[in-house]
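Asker: Got a structure here, written out as C-alpha cells. Questions coming.
The values are calculated or read from the model by the stated rules, or taken from the named source; none is laboratory data. Just so we're clear, the structure is a prediction, and the values are computed from it rather than from any experiment. So basically every Cβ, Gly included, is an ideal-geometry build from the backbone, and we count neighbours across all protein chains shown.
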Ligand SMILES: Cc1ncc(COP(=O)(O)O)c(C=O)c1O
Ligand SMILES: Cc1ncc(COP(=O)(O)O)c(C=O)c1O
C-alpha cells in the first residue's frame, strides 16, 4: 500500500485530502534530509573538502535529475528557488518588468500569478489581460488568440492545472499561439508536477516553475526552468556569495547560470531531499498516478451526486486531481470545519484564487485535492463525514 | 560531551572546523524537522484543520521565540527569509534603493553585503563608501564618522563579526553614530548569532539579519528583523499567496507585517527546526560558548606560534571564533587540500571576501572557524595535521 | 465574573466526548442566535482577518460594554455568540484586565490558532480593541 | 593509448594506502614539473573557474596537441601535470573521443567535484575546448 511509504499515515488517523496545499513526504525523502544533516552536512560550492564536495555533488545531482525529469536541455536551465511564488516573482522582476507591455493570464490563476503582476503595475485595463473561460471553466483559446493579436509580443503566464477546479490548461497550444504572436510563456506547474509528466521541450515553454513541497518533496524548495535562449536577457535577481566570479569594492563580475541565480547558501537539505521525491514519483509512474486519480475522481463525483444540492462548477474532462464544490445555502468554511472535526482534512475557502470566486459569485468552495496515497476508503470516509456535516448544518 | 548531541560526530571522523560556512545540527533540530514531516505535515496559514493549525502554531511559535531571543518588540518585526543573503537583498531593493544616496560598508564585508549594492548601482566613488580599518583590521570609527558627516542620511550596512578574521565590529557605536547623522543601519549577524547574545533593542539596529544554518539550524531559513518604525516604508518584495487581504483582477490589497513579507509557502520544516536550534544555543548559553571559544582560540594562537612563517593579520582582542592565517610561500588552497586529505575540514580561499584579500595583497587565507562542539582534541589534531601539510609543501 | 462565565461554558462543552458533537452544539447556538439587522452589517463592524464575515457591534450602556454579533458562517456565529456571552455587559476594565489565554481552556482550536482563515482570534482582538477605544473615550 | 596512460597513473596512485601519501606524491610531481616562462602566463591561458591560478597552453605540433601548464598551487600543478601527461602529444580526435569519466578511476576527488574551488574539472574542459578549437582549424 502506498500509504505505507509515508510515515504520516502511521502516525495520524487523518484522511488527508489537501494535497493541493502541500503533500505528505515519503520516508525516503525524510531519510535523504536526515542523512545530509547527520552524515555529511557542509555548505556547497565553497569548501573543497570531503563533505563539502559530497554535499555539492548531491545538490548538483538533484539539478541534473530535475533536468532529465522534465527533459530540459542543460542543467544551466534549472534554477533552484524557494518555490513557485519566488519563481514567478523572479521572472516578473528580472525578465518581464520593463520589457513587456502586456501580461496575459488565465481566469484560474493562483494569487502567486496575479499579485506579482499587480505589484509591478500590470493591472486590468492597464497591461494585464485575463483570458475568458467557457461554462465548463475551460480556457477559451479563441479569446486568447484575440488578446495575442491585440497585444503582440505579450508575456503569457498561466497555470498548468487549476488549484481550485483541477482544470488542465492546453499549455502546448498556449505556447504555440504565444510564440506565433511573438510572445513568451511561463507555465505554473505547482499543481501539475505531481500528476502529469512534464516535458519542457515538447511544451516549448520559456519558463516553467514548480514547488517541491507539492510533489512529495521538502518545503522551501522549488525550480525555475529557464529556456536556454532566455538566460542571456534574464537579469540577476538576488546577489551575494557564490554568484560572483570576482568582486572588488568597485564592481563585481558574475558567474554563469545556474550559479549566478542562486545567491547565498541554498536550502541544501531540501534540494537533496527533492531528488528522492522525484525518484519516488518515477517509481510509481505518472501512468499509475493518473489512472488512480481518475478512478478516485469518478468515485467522488458519484458520491457527491447522491448528496442534495451539491453545486459543481465544471463538468470538464480536462481535470487533474482537484475538485471544488459547494452545498447550497451552506458556507464552505462550515463544511470544512465540521469535516476537520471528524478527522478529514480538506480546504475550504477561496484557495488563493479570489478573482475566480468573485467571477462565479461565491465566497469560496470546499476542495478535495488528491494525492498519490489517497484510496477508495479515503473517498468513502470523506463522503460519509460530509453527509454528517451537511445534516448538522442544514436547518 | 557536546559532540554527543550532534549525530554528525558519531557518523564521521572529520575534524570539522568550517563552522563559518555552516554548522552541524543537533539531534533535536533534526528531530523537529522529522516530526513535522512525519506527524503533522500541512501547509501553514491556509487550511483551517487540525494539522494545518498545528503547523501554523509551531511556525509562529518560532517567530515568537526569535522575537524574544533577540529581544525584539513585536513579532511583526520578525520576517522569515531564506538566509542573510535574501535578507540583505530584500532591504536593498525594498528599502534602500531610490531612498538613499549613499551606502556605507566596512572593509570586512562578505560578498552578500557588497554585491547587492553594486547590483543596484552603488559603486565605490559613486554612492558606496568603505570604512577603513586599523592595522589590527579593526573598524576605524573616526573614518566612519567622517564618512557620515560627508554623507548625512546614509544607509550603513556592516557585519557584526567578520567571517574571515573574526573581528567583532563595535555595532552599538556604529548605530549610535549613524543615527546621530540621520542614517539607518543594517547589521549582518551571519557570524554572530551563534556566538554573541543579540539584543536588537540595545544595539538599536534598524535591520538585523541572520541565517539559521550558521547557528545549528536547518538550511534555507533566515531572519530579517525590521525595527517597527521602518516597516511602513518597507516596500513589498515578493508577492503571491498568503500576503494578500483581497485580490481582484484589478488590484490587490495586502496584509500587515510579517505576513505580507512572506509570500508563498515558506520553508515550514526549516522554520520549525530553527526554534530547536535556538533552544539548543540557549541551553548551552552564550557565556559558556564564549568562554570555550576564547580558550580554543588561545590554544590555536599558541600552536600556530610554534610553526615557522605563520602570517596572522590581526592581533585584536575583539574577535569571535574565526581565525585566518597563511604560511609564507605556501598557497592556502594547498594547505586546505592537504588538511582535507588528513580528515580536517577547514576553509581555504577568499571566503567570499575578495576585496579585503586584495587590500591585504593576498589570494586567500586558511580559516579555522570554531563551533560549539569543537574541543581541545580538534585543535591539537588540526595543528598536528597542519604541521604535516607544511612539511610536505615546503621545499 | 468573566472566569465564572468561562467556567460555565467549559462545563457545557466538556459534556461532549466527540469534537463533532461539540460543534453540533455550537452550530445550534449559531442557529438560535438572533440575526443582525441588515443596516448594522457595516464594513466598520467587520472583524478583519476572517474568511467568513463576522460583524461585532459594541454599545456602551451605563458604563458597560455590550455586543451584538453575526456571521455568514453558522459555526462562526455560534463561536462569536459564545464569546459575546463571555464579555457581555462588563465594565471596560474587566475586559481589559482579563487574560485572554484563559480562553484556551475552552479548547476550541479556532480560538488559539493564528491562522487567518478562522476569526476567533481576531474577534477577541476586536473586542479588546473596542474596550480600548471606549476607555480612551471616543 | 590514453587508456594505457590512465592505467599507468592509476597503478602509480594505487600504491598509496593513505590519501595524504598520494597527495605527497602529487606535490612532488608539482615540485619537479618545469615552471612556465613568465611571458606565457597570459590571461587567455588561464583556466576559468579555479581559485588557484592555472595556465594551460596548447601547441599543435605535427597534427598533435601538446600542452604546457603551471599553477600557483603546487598541488594543482601536480594535478595538471598528470592531466597533461595523459593528453600530451595526441591527435585531436583521440582527445575528443576520450570519455572523461574514465578519469574518475583516478579517484582524485578534485577531478569529479563540481565545486568551483578546485580546477581539475575546468582543466579537463579547457583541454577539450582547445581540441575543439583546433579541430575547427583556428
Ligand atoms: C558575514 C556573512 N554575511 C553573509 C553571509 C551569507 O549568508 P548566507 O549564505 O546564509 O545567505 C555569510 C555566510 O558565509 C557571512 O559569513
Ligand atoms: C497553481 C498554484 N500556483 C502557485 C502556487 C504557490 O506555490 P508556493 O506556495 O509553493 O509558492 C500554488 C500553491 O498553492 C498553486 O496551487
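Asker: Restricting the first residue to segment A:199-223 and requiring it to be more than 11 Å from chain B (Cβ to nearest Cβ), which pairs with a second residue that is within 9 Å of ligand 2 (Cβ to nearest atom) and in a loop (DSSP other than H, G, I, E, B) meet a Cβ separation below 8 Å and a spacing of at least six or different chains?
Answerer: Close Cβ pairs satisfying both conditions: A:208/A:189; A:210/A:189; A:210/A:190; A:210/A:192.
Asker: Moving on. Away from ligand 2 (no atom under 16 Å from the Cβ), within 24 Å of residue A:325 (Cβ to Cβ) and modelled with pLDDT of 95 or more - does that describe any residue in segment A:140-151?
Answerer: Yes.
Asker: Could I ask something else about it? Need at least 2 residues that are more than 24 Å from residue A:4 (Cβ to Cβ) and away from every other protein chain (no Cβ under 11 Å) per element, so show me which helices (runs of 4 or more DSSP H) inside segment A:329-395 make the cut, counting only ones lying wholly within it.
Answerer: Passing ranges, in order: A:376-393.
Asker: Yes or no: segment B:74-88 includes at least one residue that is more than 14 Å from chain A (Cβ to nearest Cβ), at negative phi and assigned to a loop (DSSP other than H, G, I, E, B).
Answerer: Yes, that holds for at least one residue.
Asker: For a quick check of your reading: which helices (runs of 4 or more DSSP H) sit entirely within segment A:167-258 and have at least 1 residues that are over 30 Å from residue A:27 (Cβ atoms) and under 15 Å from the mean Cα position of the chain (by Cα)?
Answerer: A:171-180
Asker: Only one of C:77, C:31, C:53 is within 11 Å of chain A (Cβ to nearest Cβ) and modelled with pLDDT of 95 or more. Can you tell me which?
Answerer: Working: C:77 fails: modelled with pLDDT of 95 or more; C:53 fails: modelled with pLDDT of 95 or more.
Just one listed residue meets the conditions, C:31.
Asker: Filtering segment A:13-51 down to residues that are part of a helix (DSSP H, G or I) and more than 7 Å from every other protein chain (Cβ to nearest Cβ), which residue is farthest from ligand 2 (Cβ to nearest atom)?
Answerer: We begin by selecting, within segment A:13-51, every residue part of a helix (DSSP H, G or I); these are A:27-39, A:50-51.
Now narrow it down to the ones that are more than 7 Å from every other protein chain (Cβ to nearest Cβ): A:27-29, A:31-32, A:35-36.
Values: A:27: 22, A:28: 21, A:29: 16, A:31: 23, A:32: 20, A:35: 24, A:36: 21 Å.
The selected residue is A:35.
Asker: Follow-up question, since we're still on this one. Within segment C:22-41, can one find any residue that is under 14 Å from residue C:123 (Cα atoms) and either without any contact (Cβ under 8 Å) to a residue 40 or more places away in the chain or not in a loop (DSSP other than H, G, I, E, B) (or both)? It would help to see each step written out before you state the result.
Answerer: At the first step, the residues of segment C:22-41 found to be under 14 Å from residue C:123 (Cα atoms) are none.
Scanning segment C:22-41 turns up no residue that is under 14 Å from residue C:123 (Cα atoms) and either without any contact (Cβ under 8 Å) to a residue 40 or more places away in the chain or not in a loop (DSSP other than H, G, I, E, B) (or both).
Asker: Which of (1) away from ligand 2 (no atom under 16 Å from the Cβ); (2) facing another protein chain (nearest Cβ under 9 Å); (3) under 28 Å from residue A:290 (Cβ atoms) is the odd one out, the single condition residue A:123 does not satisfy?
Answerer: (3)
Asker: Right, another one. In segment B:4-31, what residues are surrounded by fewer than 17 Cβ atoms within 10 Å (Cβ to Cβ) and closer than 16 Å to residue B:377 by Cβ?
Answerer: B:4, B:10, B:13 - these are the residues of segment B:4-31 that are surrounded by fewer than 17 Cβ atoms within 10 Å (Cβ to Cβ) and closer than 16 Å to residue B:377 by Cβ.
Asker: Scanning for something in contact with a strand residue (DSSP E or B) (Cβ under 7 Å, 6 or more places away or on another chain), within 12 Å of another protein chain (Cβ to nearest Cβ), under 28 Å from residue B:86 (Cα atoms) and away from ligand 1 (no atom under 16 Å from the Cβ), does segment A:170-186 turn up at least one residue?
Answerer: Our first condition is that a residue be in contact with a strand residue (DSSP E or B) (Cβ under 7 Å, 6 or more places away or on another chain); within segment A:170-186, this holds for A:170-171, A:174-175, A:178, A:183-186.
Add one more test, that the residue is within 12 Å of another protein chain (Cβ to nearest Cβ), and what stays is none.
No, every residue in segment A:170-186 fails to be in contact with a strand residue (DSSP E or B) (Cβ under 7 Å, 6 or more places away or on another chain), within 12 Å of another protein chain (Cβ to nearest Cβ), under 28 Å from residue B:86 (Cα atoms) and away from ligand 1 (no atom under 16 Å from the Cβ).
Asker: Continuing with the same structure: Out of A:68, A:94, which single residue is in contact (Cβ under 8 Å) with a residue 60 or more places away in the chain, away from ligand 2 (no atom under 13 Å from the Cβ), assigned by TED's automatic domain parsing to the domain that holds residue A:185 and more than 16 Å from the chain's Cα centre (by Cα)?
Answerer: A:94 is the lone residue from the list that is in contact (Cβ under 8 Å) with a residue 60 or more places away in the chain, away from ligand 2 (no atom under 13 Å from the Cβ), assigned by TED's automatic domain parsing to the domain that holds residue A:185 and more than 16 Å from the chain's Cα centre (by Cα).
Asker: Quick check, is residue A:301 in a helix (DSSP H, G or I) and either surrounded by fewer than 17 Cβ atoms within 10 Å (Cβ to Cβ) or in the same structural domain as residue A:99 (by TED's automatic domain parsing) (or both)?
Answerer: When the stated conditions are applied, residue A:301 passes them.
Asker: Okay, next question. Here are B:49, B:40: which of them is over 16 Å from residue A:41 (Cα atoms), surrounded by fewer than 24 Cβ atoms within 10 Å (Cβ to Cβ) and away from ligand 1 (no atom under 16 Å from the Cβ)?
Answerer: So the residue among B:49, B:40 that is over 16 Å from residue A:41 (Cα atoms), surrounded by fewer than 24 Cβ atoms within 10 Å (Cβ to Cβ) and away from ligand 1 (no atom under 16 Å from the Cβ) is B:40.
Asker: Continuing with this model, one more query. Would a scan of segment B:375-391 turn up a residue that is within 23 Å of the chain's Cα centre (by Cα) and on the phi > 0 side of the Ramachandran plot?
Answerer: no
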